[in-house]
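Student: Structure incoming, see below.
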Amino acid sequence: MTELYKRPDFILDEPFTYCPGCSHGIVHRLLCEVIDELGIRGDTVGICSIGCAVRIWNFIELDFIQATHGRALAFATGAKRANPDKCIFTYQGDGDAMSIGTAETIHAIARGEKVTVLFVNNTYFGATGGQLAPTTLPGQKTTTYPEGRTADRIGNPIRTCELLSTLDSEGYIARVALDTPAHIRQAKAALKKAFQTQLSGEGYGFVEFLGCCPSNLKLNSPVEAWEWIGNHSSKYFPLGEFKLPRSMQEV
Amino acid sequence: MSKRTLMKGTVAIGEAAIRAGCRNYFGYPITPQSELLEYMAEQLPKRGGVFVQSESELAGISMVHGAAATGQRSMTSSSSPGISLMQEEISTIASAELPVVIVNVTRGSPGLGRITPAQSDYNQACKGGGQGDYKLIVLTPASVQEMAELTSLAFHLADKYMTPAMILGDAFAGQMMESIDEEALNPKFEEPEKPWAATGVKDGKRHMVLTAPFTDAELITLNERLQAKYRLIAENETRWEEYRAEDADILLVAFGTPSRFAKAAINSLRDDGYRVGLIRPITVCPYPYQVINEYAKHVSFFLDIEMNEGQMLEDVRLAVNGQCPVHFLGGGGGKLTPPDVIVAHVKELCGGDKI
């Protein structure tokens, strides 16, 4: 009998602390599958950062370095430059990478640091209780702008992949969604490319995962969370590949 | 006889760091220490190391954290405002119990200040400039030679105690060129193995360099462990120099460049019949409380001399503990107290009476 689907063996036997419908569990699993398939577990170091996923190390048995809020890509730069033969990834939320860490994100990508970024965009500061993020959608209610985001008060959301893809550095940039099985398969393929771009030495891999924070959105079920991604988030943040390294470009 | 060489303070730090096995330097330009950044930019890549000019001091110290977490000797340098920006990360490195070396070539503050020499970051360096109950090992060179020696020592102590160490210099020592014994540039200690380094799961064992404990109880344990470590450092690593102190009736206390002014003043005062000596803390954290406390039993008074508004003064008073008067001479913002000013001040404090 062939086993087609199983729990990645380095997901630790710990109860997940994420809310029902939260996207982090899916991204954790995809990360493990890709690392497993690429056979790089012994050479991989994760940089965990701030927010709900700060304790990714409690769920995934890899080497981890814990960064300060916003600084994950500076940590990754230090770790990778010191160890060019190792595989370094960061796991960051939208508040982390594109609010307090905007400078680190833009400069690491501009320098073409050969690292992989898992950027989970749930349009909130989730762990702190649902405050406005740079990715909060127009009209979306947050604890700091309870009447909903308006451009005149706090501006419009930042489309991170589009912004980063204007930089003349080599790498892979894609936005994927975690709402349907088909999209999740695409997400895994994108993540694999993001790691391959680092491993080939061509450049960085940056994947934005459109996820959902059902607790702060006050949704009633995981199904509603997935539907919210398709109906709202991916309407503002279009899916697709924004940059490919040379080896992945069609001739 | 060992060879002597003429060298600038900031360059001596850079060369000693590379010889001590510093593999990674990350930093951001700021006067008066950009020569160190430039020296590392020129030297490290061709000597097997890594240099990156970071986009900010926040990023620079964070790159250091990331590289150090993989078990390699790593450093950054800056001057006062830049060091302020690093404080959160320095606290985090202390909590992660990682060895890194940070150089502060202090300039006149507060605020942006000016590039005049100063010692006004004493409190920031010694009393926890960032959040929480942590301490650094703070070494204060008074000469170019000592900049080299203390840099080697800083890497050694950082590894030995798994804690960040700081070279707290001033723009005089940083910018000055002096003849040094070339041997001072060489490390005196072997770099230890670092089995804790996060470089990938090996033989089923993983490595984690975490900064935030998982539970409330673990945070209390971390604090207790850090304090025990700081007590051990104080016990083993407190360093100071005594200059003509043994028979002194008046003791000056000064670190870094003002200690050189103090020595010149002491020689002049001794010629005039005043029995004056100097205690020069080399580590200002841990501070040589005990030696000052012992001398306080015998001397008439202490005079603390600093290029700030009296930041170390509080530690001198703590050490003296009321046993004799403690006076202060100095000032911030780049104010100097050259030997003749010290001589006049000591004579005034003595009321014209020789002791």
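The values are calculated or read from the model by the stated rules, or taken from the named source; none is laboratory data. In this text the structure is predicted, and so the values were computed from the model without any measurement. Virtual Cβ from ideal backbone geometry, glycine too; neighbours counted across all protein chains shown. When the accessible area is computed, the model is the full protein with side chains, heavy atoms only, and any ligands, DNA or RNA have been set aside. Shrake-Rupley method; radii C 1.70, N 1.55, O 1.52, S 1.80 Å.
Student: Open to solvent by 10 Å² or more (accessible area, probe 1.4 Å) and either within 13 Å of the chain's Cα centre (by Cα) or among the aromatic types (F, W, Y) (or both): does that describe B:F172?
Tutor: The answer is yes for B:F172.
Student: Of everything in region A:203-235, what is open to solvent by 50 Å² or more (accessible area, probe 1.4 Å) and not hydrophobic (A, V, I, L, M, F, W, C)? Give them in sequence order.
Tutor: Within region A:203-235, the first condition is being open to solvent by 50 Å² or more (accessible area, probe 1.4 Å), and the residues that meet it are A:215, A:218, A:220, A:223-224, A:226-227, A:231-232, A:235.
Those that are open to solvent by 50 Å² or more (accessible area, probe 1.4 Å) and not hydrophobic (A, V, I, L, M, F, W, C): A:S215, A:K218, A:N220, A:E224, A:E227, A:N231, A:H232, A:K235.
Student: I've got another one for you. Determine whether B:E314 is modelled with pLDDT of 95 or more, in a helix (DSSP H, G or I) and either assigned by TED's automatic domain parsing to the domain that holds B:S143 or within 20 Å of the chain's Cα centre (by Cα) (or both). So that I can check it myself, show each step before the final result.
Tutor: Values: modelled with pLDDT of 95 or more: yes; in a helix (DSSP H, G or I): yes; either assigned by TED's automatic domain parsing to the domain that holds B:S143 or within 20 Å of the chain's Cα centre (by Cα) (or both): yes.
So B:E314 fits the description; yes.
Student: All but one of (1) at pLDDT 95 or above; (2) more than 22 Å from B:A94 (Cα to Cα); (3) more than 8 Å from chain B (Cβ to nearest Cβ) hold for A:H69, so report the exception by its number.
Tutor: Only one criterion is unmet by A:H69, namely (2).
Student: State all residues of region B:54-85 that are more than 11 Å from A:G78 (Cα to Cα) and either facing chain A (nearest Cβ under 8 Å) or free of Cβ contacts under 8 Å to residues at least 40 places away in the same chain (or both); if no residue qualifies, say none.
Tutor: Passing the criteria: B:E55, B:S56, B:E57, B:L58, B:L85.
Student: Still on this structure, I have one more. Would a scan of region A:131-143 turn up a residue that is at pLDDT below 95, part of a loop (DSSP other than H, G, I, E, B) and open to solvent by 30 Å² or more (accessible area, probe 1.4 Å)?
Tutor: Looking for residues that are at pLDDT below 95, part of a loop (DSSP other than H, G, I, E, B) and open to solvent by 30 Å² or more (accessible area, probe 1.4 Å), one finds none in region A:131-143, hence no.
Student: If you scan region B:197-222, which residues turn out to be more than 9 Å from chain A (Cβ to nearest Cβ) and in contact with a Leu (Cβ under 9 Å, 6 or more places away or on another chain)?
Tutor: B:P213, the sole residue that qualifies.
Student: Moving on. Looking only at region A:92-116, filter to residues that are more than 11 Å from chain B (Cβ to nearest Cβ) and within 22 Å of A:T143 (Cα to Cα); which one of those is most open to solvent (accessible area, probe 1.4 Å)?
Tutor: So, considering only residues that are more than 11 Å from chain B (Cβ to nearest Cβ) and within 22 Å of A:T143 (Cα to Cα), the one most open to solvent (accessible area, probe 1.4 Å) is A:S99.
Student: Hey, does region B:68-81 have a residue that's part of a helix (DSSP H, G or I) and over 18 Å from B:V284 (Cα atoms)?
Tutor: Let us first name the residues in region B:68-81 that are part of a helix (DSSP H, G or I), namely B:68, B:80-81.
Now narrow it down to the ones that are over 18 Å from B:V284 (Cα atoms): B:68, B:81.
The answer is yes; a qualifying residue exists.
Student: Continuing with the same structure: Quickly run through region B:90-132 and pick out the residues that are touching a Phe, Trp or Tyr at 6+ places or on another chain (Cβ under 9 Å) and surrounded by fewer than 20 Cβ atoms within 10 Å (Cβ to Cβ).
Tutor: Within region B:90-132, B:E97, B:G128 qualify.
Student: Sort out which residues of region A:153-174 are closer than 19 Å to A:P138 by Cα, outside any loop (DSSP other than H, G, I, E, B) and within 14 Å of the chain's Cα centre (by Cα), and write them in order of number.
Tutor: A:T160, A:C161
Student: Tell me yes or no: at least one residue of region B:288-304 is open to solvent by less than 10 Å² (accessible area, probe 1.4 Å) and within 14 Å of B:T140 (Cα to Cα).
Tutor: yes
Student: So which of B:T199, B:T151, B:T163 is within 12 Å of the chain's Cα centre (by Cα) and among the β-branched types (V, I, T)? Give the derivation first.
Tutor: Working: B:T199 fails: within 12 Å of the chain's Cα centre (by Cα); B:T163 fails: within 12 Å of the chain's Cα centre (by Cα).
After ruling out the rest, the residue left standing is B:T151.
Student: Conditions first: (1) at pLDDT below 95; (2) within 17 Å of the chain's Cα centre (by Cα). A:K188 passes all but one, so which condition is the exception?
Tutor: Result: A:K188 passes all but (1).
Student: Could you check region A:179-194 and list, in sequence order, the residues that are surrounded by fewer than 23 Cβ atoms within 10 Å (Cβ to Cβ) and closer than 14 Å to A:P245 by Cα?
Tutor: Hits for region A:179-194 are A:K192, A:K193.
Student: Now for a separate question. Every residue in region A:18-61 that is open to solvent by 50 Å² or more (accessible area, probe 1.4 Å) and at the interface with chain B (Cβ under 9 Å from one of its Cβ atoms), please.
Tutor: A:R41, A:D43, A:R55, A:E61 - these are the residues of region A:18-61 that are open to solvent by 50 Å² or more (accessible area, probe 1.4 Å) and at the interface with chain B (Cβ under 9 Å from one of its Cβ atoms).
Student: Report the residue count in region B:260-270 for those that are surrounded by fewer than 24 Cβ atoms within 10 Å (Cβ to Cβ) and touching a residue at least 40 places away in the same chain (Cβ under 8 Å).
Tutor: 4
Student: If you don't mind, there's one more thing I want to ask. Within region B:39-53, track down each residue that is buried (at least 21 other Cβ atoms within 10 Å of the Cβ) and either in a loop (DSSP other than H, G, I, E, B) or within 7 Å of another protein chain (Cβ to nearest Cβ) (or both).
Tutor: Within region B:39-53, B:G49, B:V50, B:V52 meet the criteria.
Student: Specify which of the listed residues (A:F119, A:F89, A:F64, A:F75) is open to solvent by less than 10 Å² (accessible area, probe 1.4 Å), without any contact (Cβ under 8 Å) to a residue 40 or more places away in the chain and outside any helix (DSSP H, G or I).
Tutor: On the way: A:F119 fails: without any contact (Cβ under 8 Å) to a residue 40 or more places away in the chain; A:F89 fails: without any contact (Cβ under 8 Å) to a residue 40 or more places away in the chain; A:F75 fails: outside any helix (DSSP H, G or I).
Only one candidate qualifies: A:F64.
Student: Can you confirm whether region B:28-38 contains a residue that is within 12 Å of chain A (Cβ to nearest Cβ), outside any helix (DSSP H, G or I) and in contact (Cβ under 8 Å) with a residue 24 or more places away in the chain?
Tutor: Checked region B:28-38: at least one residue is within 12 Å of chain A (Cβ to nearest Cβ), outside any helix (DSSP H, G or I) and in contact (Cβ under 8 Å) with a residue 24 or more places away in the chain.
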